[in-house]
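Presented below is the structure to which this report refers.
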Amino acid sequence: MNPETLFWLVPLASVIALAFAAVFFFNMKKADEGTDRMKEIAGYVREGAMAYLKQQYKVVALVFVIIAIIFCVMAAFDMQNHIVPVAFLTGGFFSGLAGFIGMKTATYASGRVAQACRDEQDGLNRGLKLAFRSGAVLGLTVVGFGLLDISGWYLILDNTGLIEAEGISRLVEITTIMLTFGMGASLQALFARVGGGIYTKAADVGADLVGKTEYHFNEDDPRNPATIADNVGDNVGDVAGMGADLYESYAGSILASAALGAAAVAGMHIADAQAAYDTGLKMVMAPMIIGAVGAILSVLGIFIVRTKQGATQSQLMAALNRGINFSGVLIALAAAAVLYLLGIENWLGLWGSIVIGLVVGILIGKVTEYYTSFEYKPVKFIAENATTGPATVIISGIGVGMISTCWPVIFIVLGTIGAYLCAAGEFMFTGENMSMGLYGIGIAAVGMLSTLGLTLATDAYGPISDNAGGNAEMSELGESVRSRTDALDALGNTTAATGKGFAIGSAALTALALLASYIEEIKIAALRFGETFSPSFFSNDLINSAELAKMNIAQFMAKFDVTLMNPKVLLGIFVGAMLSFLFCGLTMNAVGRAAKSMVEEVRRQLSDKDVFEGRKKADYARCVGISTQGAQREMIVPSMIAVIVPIATGLLLGVPGVFGLLAGGLAGGFVLAVFMANSGGAWDNAKKFIETGDADFCGKHTPVHDASVVGDTVGDPFKDTSGPSLNILIKLMSMVSIVTAGLNVAFSLL
C-alpha cells in the first residue's frame, strides 16, 4: 500500500484522540460536584493551580523568546535551517497546552470523584472509572497533540518548498529539522517538571512535617494551612508536569525513529534514486503510523477498566492492567499489519523490535509495581523498619531503591540487544547493519510508548484520586468515603511510579536513537557551512563536507575519533555523569529551601489557638503563594543547565566531547532516575500501609507512623521533583546538541 495513503491515519488518529478527550472531559463535567463545601474546596485548588500555571508560563515564555532569538541569529549565519526557531516554539506550545488541559481536567474531576465514592453500593467502581477517564483526558490530549504536531510539520516541510534537497536527502533533512520541535517540547517539559515538582513538594513536606508529626492531624485536615497548596501541587506537578514530560517523550521517540529511518536508507547508497526515496519514505512513515494506530486502540482499552466494591489493591491494579494489556496485544497485532502493508523488506524483524519495546515497557512497569506497592515485600520491609525510627526507614528505602535499579537496567540492555538484532539481522556495529539496528532501537521506543494514551491515564489518575481524598477529608464526608478514596490514592502512588518507569525507560531507548540523529545533523550542518571545515579551531585537518555526508555511522565515528581512548570522549562522560547529580542536588536543595519557608508559615498559623481549634479558617492563600514564589525562583538554574552544558561541551570538546557527555548523562541519569522514583514511591506507600492498620505495628498518630512520615517527606522530592526530571534532562541534552550542531562545526575549540 502507498505509504502516503497510510500516512493520513496520523492526523485522523489525532482527531479521534482529541475527540474522545473532549467526550471524557464533558462527561466528567456532568457528574455531581457534591455539597457546597466540596465545591468550595475544589474551587480553592482550581484557583491556586491556574494562578501558578499562569505565573510559570510567563517565565517560560520569556526564556523561549530569548532562545528563539538566538536560533534566529544562528539561522541568519546558516548554522541551522531558518524554520528551526518556529518549530522550536510550536513544540513548547503544544507541550504546555497538553499539560494545561490535563491539569484543568484534574482540578474539576477530583471533587466529583469524592462525590462518586459516597455511593455505598458502587462507590469504589464509580470513583475508579471517573478518575481514570478524567486521567484519560490527559493521555489522549498528549497523543492527540503529538500526532497533530508531527503530521502538521511533515506536511508543511514536504509541500511548501522550505526544503530544497531532493530524494532521500530531502527526507533526511525534513526529519532532522522536525526533531528541533522536540527541543521546545523538552525544555517546556523540564520547566513544568522542575517548577511543578518544587511547588508540590514544598507544600507536601510542610504539610506533613508540621501537620502530621507535630500536631498529629489527619491527611488533609482543613486546619492545616498547607493542605490546599499540597493539593494544588499534585495537579501542577503530577498532571501538568507529567503531561508535558510524556508529550516530549512520545513525540521524541517517533521523530528520532523517523530520522533514523531516513538516515539508514541514505547510508545504503541505493543506486536508483526513486527506489531509495520510496524505501526511506516507508521507514519514515512507519513510526508515525504505528503511533497513530496505538492512539486509536488505546481508546478501546479505556472502556474496559472497572472494578467491584471492596476490591483489594491487587484487584484494583488488575483492573487497570486489563486495559493496558488488552490495548497492548491489539497494538502489537496492528503494528505487524502496518509494517506489512507498507511493504518494508524486513517488516517481520522490525515488528519484533516493536514487540520487544512493548514487552520491556510492561516489564519495567511490573518491576516498579513490585518495589512500590504495599502488596509486596519491599514496601512492607520499609514499613517494618519504621518500628525502630525514621533513620532505619530512610536506610531501608534507599536500599530498596538501589536494588530496584537492577531489573530495569537488565531489561533495557536485553531489549536494546533484541531490538537491534531484529532490525539489523546480526549484532555487527558496521555500515548499514548499524544504521538499521539503531532504527530498530528507536522503533522499540515507539512500541513502548504506543499505549501512552492509556498508560498516561493511569498516571494522571493518581493525583486526581489524591485530591479526591483531600476533598473528602476537608468536607468531612466520613470514614467510609475516605477509605475508598484512600484505596484509589494508594493505587495512584503505584501507577504514578509505573508511569515514571515508562518515561525513564523510553528516555533510555530514545536517547540512543538521538545520538545517531546528532550525527545526521552534523552532516547537514557541515554541508550548510561550506565545502570543507576543520574539526576544531587548533586542527589543520580539513574534512570534505560532501564526503562526510556519504559516511555511515561507523565511518563517521572513526573520522572524529569517537573512541574511549580519546580523552575528549572520557571527559565528556565524566561531565555527563556528574551533571545528573548536580541537577538532582540543585532541585533537592530548592525543595528544601521552599519547604523550610512552608514549615515556618504552617507553625506560625497553627500557633494561633483559633486556627488550631478550627474556629478560624487557615490562610491557605499564603501557603499557595510561598510555594509559587519558591518554584518560580528555583526552577530557572537547574533547567538552564541542560541547555548551557551541551553547548559549552560542544564548543570546548567538539563532537567527541558531546558524544561522551550524552553517553555519560544517559548511563548515570537513567540509573539515578529509577533509584529516586522507586525509593520515593516505596516510602510513600510504606506510610500508607502503616495508616491502613493491617499489621500489629500499624496505626495512625503513633511513633511508627511518625517515622514513616519522615521517610515519605524525604522521598517526596525523590519521586516528584528530581527523579522524574532526569529523563527529560537526558533527552533535552540530546535535543540541544542536535539543534546547535552548527556551532560544533563552526566554532569547536579542541
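The values are calculated or read from the model by the stated rules, or taken from the named source; none is laboratory data. Given the structure is predicted, the values throughout are model-derived calculations rather than measurements. Positions of Cβ are backbone-derived with ideal geometry, glycine not excepted, and every protein chain shown enters the neighbour counts. These area figures cover heavy atoms from the full protein model, side chains too; ligands, DNA and RNA do not enter into them. Shrake-Rupley method; radii C 1.70, N 1.55, O 1.52, S 1.80 Å.
The table for this structure:
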| quantity | calculated |
| --- | --- |
| Separation of the T392 and D619 label points, Cα + 7 Å toward Cβ, nm | 4.2 nm |
| Separation in nanometres of the label points that stand 7 Å from Cα toward Cβ, at D541 and E164 | 3.0 nm |
| Three-way shape label, the range 85-175, alpha-carbon gyration tensor, a/c 1.5 | prolate |
| Furthest towards positive pole of dipole, L179, C117, L155, structure part the range 96-199, Cβ charges | C117 |
| Cα-based convex hull volume of the range 1-148 per residue, rounded to whole Å³ | 116 Å³ |
| Cα-centre dipole for the range 130-283 with unit charges at Cβ (Lys and Arg positive, Asp and Glu negative), debye to 20 | 100 debye |
| Shape box of the range 153-213 [Cα atoms, principal axes, largest first, Å] | 67, 17, 11 |
| Of S314, A386, V265, farthest towards positive along the dipole that unit charges on Lys, Arg, Asp, Glu beta carbons give the chain | A386 |
| Packing rank of 571-578, 349-356, 190-197, 543-550, where each peptide gets the mean count of other beta carbons within 10 Å, highest leading | 190-197, 349-356, 571-578, 543-550 |
| For the range 89-164 versus the range 694-750, the gap between their alpha-carbon centres in whole angstrom | 23 Å |
| Full-stretch length increase - L414, A22 - with 0.36 nm per residue and alpha-carbon distance subtracted | 137.2 nm |
| For the chain, average projected area of the Cα convex hull in nm² | 28.4 nm² |
| Pair C406, F529: separation of 7 Å Cα→Cβ label points (nm) | 4.6 nm |
| Dipole magnitude of the range 23-151 about its Cα centre (Cβ charges: Lys, Arg +1; Asp, Glu -1), debye to nearest 20 | 220 debye |
| Ellipticity estimate at 222 nm from DSSP helix runs (n ≥ 4, -39,500 (n - 2.57)) divided over the chain, nearest 500 | -28000 deg cm²/dmol |
| Probe 1.4 Å - accessible area at L12, Å² to nearest ten | 90 Å² |
| The range 299-368, relative contact order in percent, only Cα pairs under 8 angstrom and at least six apart counted | 24 percent |
| Between 0 and 90°, nearest 10: helix 406-424 axis offset from the chain longest Cα axis | 30 degrees |
| Under 26 Å from the Cα of K30 - lysines, other chains or at least 8 residues apart | K39, K104, K129, K308 |
| Accessible-area order (highest first, 1.4 angstrom probe) of the listed residues R622, R37, R604 | R604, R622, R37 |
| Built amide H within the under 5 Å cut-off of T532, gap 5+ | S545 |
| Exposure ranking of K700, K616 by accessible area [1.4 Å probe, largest first] | K616, K700 |
| Theoretical FRET efficiency, 1/(1+(r/R0)^6), r = Cβ-Cβ of D561 and F747, R0 22 Å, to 0.05 | 0.70 |
| Cα-based shape type of the range 192-335, given that a ≥ b ≥ c are square roots of the gyration tensor eigenvalues and the cut on a/c is 1.5 | oblate |
| Shape call, the range 389-510: gyration tensor on alpha carbons, a/c limit 1.5 | oblate |
| Net length gained if the chain between K54 and L333 were fully extended (0.36 nm per residue, minus Cα distance) | 96.1 nm |
| Violating pairs (Cα-Cα greater than 29 angstrom) within the set K29/K687; K212/K609; K212/K366 | K29/K687; K212/K366 |
| Residue list for the range 394-422, given a label point 7 angstrom along the Cα-to-Cβ vector of F581 and an amide N cut-off under 20 Å | 395, 398-406 |
| Per-pair calculated FRET efficiency, R0 = 51 Å: E47 and K550 via Cβ, rounded to 0.05 | 0.30 |
| Volume per residue of the C-alpha convex hull in the range 576-678, rounded to whole Å³ | 96 Å³ |
| Size of charge dipole - the chain - debye, nearest 20, with Cβ of Lys, Arg +1 and Asp, Glu -1, no other charges | 620 debye |
| In Å², nearest 10: area of E601 left accessible to a 1.4 Å probe | 10 Å² |
| FRET efficiency for E4 and R322, using Cβ-Cβ distance with R0 set to 45 Å, rounded to 0.05 | 0.80 |
| Neighbour cut-off at most 16 other Cβ (10 Å), DSSP loop, GluC sites (Glu not before Pro), the range 1-87 | E33 |
| Charge dipole (the chain, unit charges on Cβ, about Cα centre) - positive-most of G144, G650, T692 | T692 |
| 1.4 Å probe accessible area per residue over the chain, in Å² | 33 Å² |
| Apportionment of accessible area to carbon and sulfur, the range 57-207, percent (1.4 Å) | 65 percent |
| Ranking by accessible area, most exposed first, for C72, C422, C623 with a 1.4 Å probe | C72, C422, C623 |
| The range 688-750: chymotrypsin sites (Phe, Trp or Tyr not before Pro) in DSSP loop, at most 16 other beta carbons within 10 Å | F697 |
